Amino acid sequence: VNPDLASERLTASFSVEELTARLDGGAEHTRMRRAIVGAIESDPVFSRENQYFQSQNERYEAAVRRAVYLQKKMREMGWTENGPEVKCIYRWLSGDIALLLHRIFMRSISVLGSEKQVAKWIPLATDYQIIGSYAQTELGHGTYLQGLETTAIFDIATQEFILNTPKISAMKWWPGDMGRSATHTVVFAQLYVHGKCYGVHPFIVQIRSLQDHLPCPGVTVGDIGPKMNFEHVDNGYLMLQNVRIPRENMLSKFCEVQPDGTYVRWGSQKINYFTMTAVRISILSEEVILPLMKACTIAVRYSAVRRQSKLKPFSGEQEAKILDYQTQQQKLLPQLAAAYAFHFINIYLHELFNSGYQEIQGRNFDSLPELHAFSSGFKAMVTQYCTSGVEICLRACGGHGYSLLSGLPSLYTKVLASCIYEGENTVLFLQTARFLIKCFKAASAGQPIPPSVTYLSSTKPRECPAKDKLDFLNPDIYMKAYEQTAIRLLSSSAAKLQHLILSGVEKHEAWNQCTVQLAKAAKAHCHYLTVKNFVATVEKLDNKAGIQKIMKHLCDLFALHGIFSNAGDFLYDGYLSGAQMDLVTASYLDLLAVIRKDAVPLVDAFDFTDKSLNSALGAYDGQVYQRLYEWAQKSPSNLQVSPAYAKYLKPLLQNTLSKL
Amino acid sequence: EALVINDPDFQHEDLNFLSRSQRYEQAIRKSALMVMKLREYGIADPEEIYWFKSFVHRGRPEPLDLHLGMFLPTLLTQATPEQQNRFFMPAWNLEIIGTYAQTEMGHGTHLRGLETTATYDPATQEFILNSPTVTSIKWWPGGLGKTSNHAIVLAQLYTQGQCKGLHAFIVPIRQLGTHEPLPGITVGDIGPKFGYDEMDNGYLKMDNFRIPRENMLMKYAQVEPDGTYVKPLNDKLTYGTMVFIRSIIVGDSARSLSRACTIAIRYSAVRHQSELKAGEPEPQILDYQTQQYKLFPLLATAYAFHFVGAYIKDTYHRISGDISEGDLSELPELHALTAGLKAFTSWTANAGIEECRMACGGHGYSRCSGLPDIYVTFTPSCTYEGENTVMMLQTARFLVKSYTQVISGQRVTGMVSYLNDLSTQRIQPQRVAARPVTVRINDPVSLVEAYKARAAWLVEAAEKNLQAELNHRKSKEDAWNRTSVDLVRASEAHCHYVIVKLFTAKLSEISNAAVRAVMTELCLLYALYGISKNTGDFLQAGILTDTQINQVNQRVKELLAVIRPNAVALVDSFDFRDDHLGSVLGRYDGNIYETMFEWAKKSPLNRTEVHESFHKHLKPMQAKL
């Protein structure tokens, strides 16, 4: 181990092993995870060492191979699709595998299908007799579902639905695993019966032959071409021309077209959205927070190894570790704090959704609006924050950060996609804002409101009581500041909206004129709840092995960094004074120096193996330069003779004179 | 431009579908061709070469960049006449292809830390070059990996047992004729990166590699045959090159952001989504306030940076005139200012390009949008030619120095002259910024004053904190480090002020009334949006009140609606041709969806109707289960 990293580990103020166990949810979970990771890593099929060198075709093929091999491996090891092991496996794979949409396909059938449909399709899918995808987004429409243009027309004579892509913008576009792999897909289409449109419904459509894998008649399907990342995924397009499917292929747990064409509905239509709502939350851990944790691990370890300039120019001492520069700490440590904050809010959201799911299974939809608001707002905030966090880590690693071998570019291009899929972030913030405005009105009218927003009816306090910079390490002080800011941003948006409507502006136009403010209010709400949850989590920890103390520091840092970065919102209307803002800044900068000492142990606690980080800069032993050099030598550009020399360079070097 | 665009030799398949090796090959092909054509058309002016090159490669990097941009110019400025005779013409004729090897694995921005050594051996009159550690391996130089046969290597010079600091040496690295590495040289490509696929950034390791004494660039410093070292006269001159390169990056920031804005705004005018009013057709997404709020401030920023880039270039040319007459007095300020502006504009443009991409939803993520490519090509400029945070701190050093001069009773000139006002304020106990400024939010000139007050406030605050740290701690360096977050903020505020000031000054130069009107709107939007994003500073410094902040926020949104009708025209004015933009979403004709479908069909994964993976993996799996 590089002595620069070893020394960082000697001075940890807490037990890394203990913290890892907390993050995993118990020491036995840590043991299980490590055992599974060990089993996978020992298998060369899962090695990702060459991934940075591979072409789109090679990556796709490797991902399919892994997916197939994983099935075999799971059988061998006795891991089941619903067992606790699966989570660890996918955490390790971090999405670099094909057929992930197959799981979404199965889940949507389970949630949206009738018992009969579940009985028919799930066994087929479980045995991979069919491979599924999930086709919602179209070329012309993404987040706005009602705008989808694919049609499914019921034909009473044959008891079939006729599916069509009436124009080019209606082509399905983006669904994963559909370009090359899938045989079936769940298509979302506008349902027409007797010429009447009943809105968007899901249909199971076979798109490729089960014999030769060629597209079925009427189906045009292919890959949508290279993207910023996800080279291994065959995101696809799909055009349907008079494709007929039996009546039984419309997923009908909540509504059905009967043989005579009667449309019946049981239960709320909102249920269609529950899958989506749950997916938004389910992506957070693996696809959003994990990349930030990895990026922090890489950047922090590298910053403890990289030395640059001397802090004291003429002294004989070594050049300083870049982690000792305040500007470097200010880039990285808030990201580290955020990674922990989001880990904890994610646990909270999962608990909330699990109980919500129980209720919905019992056909009680009361909690749906709040869950929907939660999933929208937090998905938007967490993805936005983590994306910028990963990019900050990338740019904090100087030139080497841009090498694919650092692992950071691919983490970044992957996490940033999460800002768009499963709902575009601005649209999602506005959905949360709509919910908040409703609650705010209800609170003003003295009506009951959901638990997450009861703070909206709290009384307006005068000013922040803090007098000393240490006061800002008191969670009650900063939580109140966040609360006040969230309330003010929302109430001023509500007032403006009200004012516009009263002055005769049409409702929709008034809403549009307030959207910048409303999105900001929704974000402030989520930020506040994240701080509040972090505080609550810290309070529940005991201080065994120094865990609570270091988590309290991180919680303070997360909160104060938020105030420092959004100073205007807290200064406005004088809740915090200018002098208090100076205290916040002082306290915030002090915390950087404190957390600096534990920075490496804090990323060690995430417990990523070197193989899962797949980074020359971030390995546990800190042998950065050696690894970078050896890895680069394996690049195909160094193994093959480039045809460019013989074809172009040689003539250029040797014949130019004669040609000139 | 037309010369290149209409030349069939410069056409090629869509780069997005090519592998890295194929992209390198295409770039080399075009570069070789370009050199021939430059000679054929007799183009020799550096400015014209730059334009020709940027059309051939459509603004993308290419393997000969370092040869043309660094190797040849360094020969011109640092080689003796004898050396020029030996190397320049062969290099000009491309018998020698060179690169510039400065950065090492372990050191980039901090040049003094470089570890490569060149030890003089008087017995043979040679320098012995060595890469003594792994960290000393040269790493990143463009064109080094596969293309070059020579490199200008920066190394610590040792002669007569003493280290004389960094010097430049011409080192042959590959055999002429076979292109094989010479004995003692290990050279190769550093592997795939985030973008720059066509560039063979390379590594270079030297083991007791000997070059003749005459290969040290000796126009300034010299080593005599017996090993006596002769010192150079003036080392400030290197500032000039740095200023020049940074001014190019500022211009690049403007161009890259303009391209991204063009794509995002045109696409937003074509894309329809959702409904504003129930029952009505879906509106263009450009009609949503949130979309305007994302894009129009960036559009204003792109224009602002254009003016800043032009200003730096002009100032540089003016000062270069002075320098050749021996007047170096303005150089320190320009050097300090360009460091900060390089960082400020590249950070802002970097974030802006990403914002544009996000504003295009899912399709922005597809490589057909062109936005991923603009981003990966641009983003390294936050790091190369001086890491941005280090740049900001350089500017801060100058600001602090100027501030100290003012306090000690001297006057300062140029962009920092506002600091002079501080001396009169210092008699009063309160902070300078508590001085009431009456800000008129519809008057750009008044907004310049507001930005000035903010910069003054932050410079003073940073300096005060620095003093406080100095009073508490032992060393200057610790104090500087513990204040660096404040110092960076002060530099940013200073740069922001300079940009608002330059944009405002530009308005009076525009003679066409309609153009001036729309530019004034953009200038106001730029200035007011900057305030609304930094309300904390303006409130805390007492420059603006809560009510004024409200007005600023309101005015920003009004301006969005005002600019909306001109938005597409404003990006059309950037005048990027479709093949230069390289974007399906940003096409001039807006024919997006059909083109995207046609593009996708060419994807490598679509080459066969059934992918081979089906036969290799999926089918056996289905059979087995």
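Restricting segment B:579-598 to residues that are surrounded by 19 or more Cβ atoms within 10 Å (Cβ to Cβ) and closer than 19 Å to B:Glu13 by Cβ, which is farthest from the other protein chains (Cβ to nearest Cβ)? Applying the filter and picking the extreme gives B:Leu581.
When segment A:415-469 is limited to residues that are at pLDDT 90 or above and of a type in the set (Lys, Arg), the one that is farthest from A:Ser94 (Cα to Cα) turns out to be A:Lys467. Residues in segment A:617-644 that are closer than 16 Å to A:Asp4 by Cβ and assigned to a loop (DSSP other than H, G, I, E, B) were compared, and the one that is nearest to the other protein chains (Cβ to nearest Cβ) is A:Gln623. Looking for something assigned to a loop (DSSP other than H, G, I, E, B), in contact with a Phe, Trp or Tyr (Cβ under 7 Å, 6 or more places away or on another chain) and at the interface with chain B (Cβ under 9 Å from one of its Cβ atoms) - is there at least one such residue anywhere in segment A:189-210? Scanning segment A:189-210 turns up no residue that is assigned to a loop (DSSP other than H, G, I, E, B), in contact with a Phe, Trp or Tyr (Cβ under 7 Å, 6 or more places away or on another chain) and at the interface with chain B (Cβ under 9 Å from one of its Cβ atoms).
Of everything listed in (1) surrounded by fewer than 24 Cβ atoms within 10 Å (Cβ to Cβ); (2) under 25 Å from A:Asn229 (Cα atoms), the single unmet condition for A:Leu416 is (1).
Quick check on segment B:382-395: of everything there that is part of a helix (DSSP H, G or I) and within 11 Å of chain A (Cβ to nearest Cβ), which residue is surrounded by the fewest Cβ atoms within 10 Å (Cβ to Cβ)? Full working, then the answer.
Kept after step one, since they are part of a helix (DSSP H, G or I), are these residues of segment B:382-395: B:382, B:388-395.
Still in the running and within 11 Å of chain A (Cβ to nearest Cβ): B:382, B:388-390, B:392-393.
Details: B:Cys382: 26, B:Asn388: 24, B:Thr389: 24, B:Val390: 19, B:Met392: 27, B:Leu393: 21.
Among residues in segment B:382-395 that are part of a helix (DSSP H, G or I) and within 11 Å of chain A (Cβ to nearest Cβ), the one surrounded by the fewest Cβ atoms within 10 Å (Cβ to Cβ) is B:Val390.
From the residues in segment A:600-611 that are buried (at least 22 other Cβ atoms within 10 Å of the Cβ) and not in a loop (DSSP other than H, G, I, E, B), which one is farthest from the chain's Cα centre (by Cα)? Across segment A:600-611, the extreme among qualifying residues is A:Val600. Would it be correct to say that A:Ala98 is of a type in the set (A, V, I, L, M) and part of a helix (DSSP H, G or I)? In short, no. Does A:Thr150 qualify as being among the β-branched types (Val, Ile, Thr) and either within 14 Å of chain B (Cβ to nearest Cβ) or surrounded by fewer than 20 Cβ atoms within 10 Å (Cβ to Cβ) (or both)? Taking the combined requirement at face value, the residue does not satisfy it.
Restricting attention to helices (runs of 4 or more DSSP H) lying wholly within segment B:483-551, give those where 3 or more residues are more than 28 Å from the chain's Cα centre (by Cα) and within 14 Å of another protein chain (Cβ to nearest Cβ). So the answer is B:535-540. Of B:His107, B:His67, all but one fail to be in contact (Cβ under 8 Å) with a residue 24 or more places away in the chain and within 8 Å of chain A (Cβ to nearest Cβ); the exception is B:His107.
Pairing residues of segment A:1-20 that are buried (at least 18 other Cβ atoms within 10 Å of the Cβ) with residues that are among the acidic types (Asp, Glu) and part of a helix (DSSP H, G or I), at Cβ distances under 6 Å and at least 6 apart in sequence or on separate chains, gives A:Val16/A:Asp604.
Give A:Val186, A:Val233, A:Val221 a once-over and let me know the one that is within 28 Å of A:Ile156 (Cβ to Cβ) and among the hydrophobic types (A, V, I, L, M, F, W, C).
Values: A:Val233 fails: within 28 Å of A:Ile156 (Cβ to Cβ); A:Val221 fails: within 28 Å of A:Ile156 (Cβ to Cβ).
Exactly one of A:Val186, A:Val233, A:Val221 is within 28 Å of A:Ile156 (Cβ to Cβ) and among the hydrophobic types (A, V, I, L, M, F, W, C), namely A:Val186.
Taking the stated definitions as given, is A:Asp155 acidic (Asp, Glu) and within 10 Å of chain B (Cβ to nearest Cβ)? Criteria not met by A:Asp155.
Taking segment A:1-56 as the region of interest, the helices (runs of 4 or more DSSP H) fully inside it that hold 2 or more residues being basic (Lys, Arg) are A:27-41.
Taken over segment A:109-140, the residue count meeting the criterion of being more than 7 Å from every other protein chain (Cβ to nearest Cβ), free of Cβ contacts under 8 Å to residues at least 40 places away in the same chain and in a loop (DSSP other than H, G, I, E, B) is 0. Residues in segment B:24-54 that are surrounded by fewer than 20 Cβ atoms within 10 Å (Cβ to Cβ) and of a type in the set (Ser, Thr, Tyr): B:Tyr41, B:Tyr50, B:Ser54.
Of all residues in segment B:263-295, those satisfying the criterion of being surrounded by 21 or more Cβ atoms within 10 Å (Cβ to Cβ) and more than 15 Å from A:Thr426 (Cβ to Cβ) are B:Ile263, B:Ile265, B:Arg266, B:Tyr267. Every residue in segment A:327-350 that is within 14 Å of A:Lys597 (Cβ to Cβ) and not aliphatic (A, V, I, L, M), please. Residue satisfying the conditions is A:Gln329 alone.
Please tell me if A:Val516 is closer than 30 Å to B:Lys277 by Cα, without any contact (Cβ under 8 Å) to a residue 12 or more places away in the chain and facing chain B (nearest Cβ under 9 Å). In short, yes.
Against the test of being at pLDDT 85 or above and basic (Lys, Arg), the options B:Arg440, B:Arg435 yield a single qualifying residue, B:Arg440. Restricted to segment B:554-625, the set of helices (runs of 4 or more DSSP H) holding at least 1 residues that are at pLDDT below 95 comprises B:578-581, B:592-601, B:619-624.
The values are calculated or read from the model by the stated rules, or taken from the named source; none is laboratory data. Source: prediction; values computed, not measured. Ideal geometry is used to build each Cβ from the backbone, glycine not excepted, and the neighbour counts take in all protein chains shown.
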